[in-house]
Amino acid sequence: MRVVIAGAGSVGRSIARELLHNGHQVLLMDRERKDVQASKIPDANWLLADACEITALHEAGLAECDVVVAATGDDKVNLVVSLLAKTEFGVPRTVARVNNPKNEWMFDEAWGVDVAVSTPRLMTALVEEAVSIGDLVRIFQFQQGKATMVELTLPPDSPYAGKRVGDVDFPGETVLVGIIREDHPIAPSRDDSLEPHDELLFISTPEFEDELEAMLSPGQRVPRGEE
């Protein structure tokens, strides 16, 4: 897989190292000379250029890449790079970094963003996931398909504690994709049971999140749309 990363700061370089370790081809581009230093990641290709310029994106070879990652510290730049990648070069997949949570609403398909990654939101989700039992926590949102990955730790008083997975009718477009029990991951089958304190991972859509939480963890929590 060939990946172009716009933004060669600490975030972009970290992504590049992981992708290179997994055997992918990576080009890092940045307009700041201090960040474009091949010695930092010698296995990557480097380009000193402004990622918001069409000519620079041509030079980076976006037409031949599989993924563009907009990882700069400027949300405006990340949006422009994603939009150009989609509309001008037809890149199959774009991933964009969200620096300011207030700007999350713009990072969607209208701006060419397939997946938006908000570090503050992910950190909040991980904190909630670590301390919450019975509350549905949104871990990730797949922008292009409007699907979400959510987690819920099953409370002991849940009406579904002890039930077989195959006997549970989850709401709408909701799929149970994983169970974490005592730190061990389980790929759920119909014959597996849901046990108290299981961490349940689902792929769902926002419109069914409240229904899923109310089903597995009945209580007085205010629905997300009314908070």
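What percentage of the solvent-accessible surface of the chain, computed with a 1.4 Å probe over protein heavy atoms, is contributed by carbon and sulfur atoms?
It is 52 percent, rounded to a whole number.
With charges set only on the Cβ (+1 for Lys and Arg, -1 for Asp and Glu), what does the dipole of region 1-116 come to about its Cα centre, in debye to the nearest 20?
Details: 12 positive and 17 negative charges, 69 e Å.
It comes to approximately 320 debye.
With both labels modelled 7 Å from their Cα along Cα-to-Cβ, the residue 164 to residue 186 distance reads 1.4 nm. Over region 1-60, consider all pairs of different Cα atoms and compute the Kirkwood hydrodynamic radius from their mean reciprocal separation; express it in Å, one decimal. The Cα-based Kirkwood calculation yields 11.3 Å. What whole-number distance in Å separates the alpha-carbon centres of region 145-217 and region 42-84? Cα centroid to Cα centroid, the span is 38 Å.
Estimated from the Cβ-Cβ distance and a Förster radius of 45 angstrom, the FRET efficiency linking residue 66 and residue 32 is about 0.95. For the pair residue 50 and residue 76, label points projected 7 Å from Cα toward Cβ lie 1.2 nm apart.
Among DSSP beta bridges lying fully in the chain, give the percent that are antiparallel, nearest 5.
Working: 21 of 42 bridges.
Approximately 50 percent, going by the DSSP bridge assignments.
Note on mean projected area of the Cα convex hull in nm²: of the candidates (i) 16.6; (ii) 11.6; (iii) 13.8, the value calculated from this structure sits at (iii).
Based on alpha-carbon atoms only, what is the radius of gyration of region 1-116 relative to the globular estimate 2.2 N^0.38 Å?
Here the Cα radius of gyration is 0.95 times the empirical estimate.
A 1.4 Å probe run over the chain, with the rest of the protein chains in place, finds 53 Å² accessible per residue. Of all aspartates and glutamates in the structure, those lying under 13 Å Cα to Cα from residue 146, and not within fewer than 8 positions of it along the same chain, are 108, 109, 114, 173, 207, 209.
Here the sum of -39500 (n - 2.57) over DSSP H runs of 4 or more residues, divided by the residues of the chain, equals -7500 deg cm²/dmol at 222 nm, to the nearest 500.
Here the dipole of the chain is about 920 debye; that uses its Cα centre as origin and unit charges on the Cβ of Lys and Arg (positive) and Asp and Glu (negative). Placing pseudo-labels 7 Å out from each Cα toward the beta carbon at residue 20 and residue 40 gives an inter-label distance of 1.1 nm. Cβ under 9 Å from residue 93's Cβ, residue 93 left aside: what net charge do those residues give with Lys, Arg +1 and Asp, Glu -1? Net of charged neighbours comes to -2.
Projecting the Cα positions of 186, 96, 217 onto the charge dipole of the chain (unit charges on Cβ atoms of Lys, Arg, Asp and Glu, taken about the Cα centre) puts 96 furthest along the positive direction.
The values are calculated or read from the model by the stated rules, or taken from the named source; none is laboratory data. Computed from a predicted structure; not experimentally measured. Note that we place each Cβ from the backbone using ideal geometry, even for glycine, and neighbour counts take in every protein chain shown. Ligands, DNA and RNA are excluded from the accessible area calculation, which covers all protein heavy atoms including side chains. Shrake-Rupley method; radii C 1.70, N 1.55, O 1.52, S 1.80 Å.
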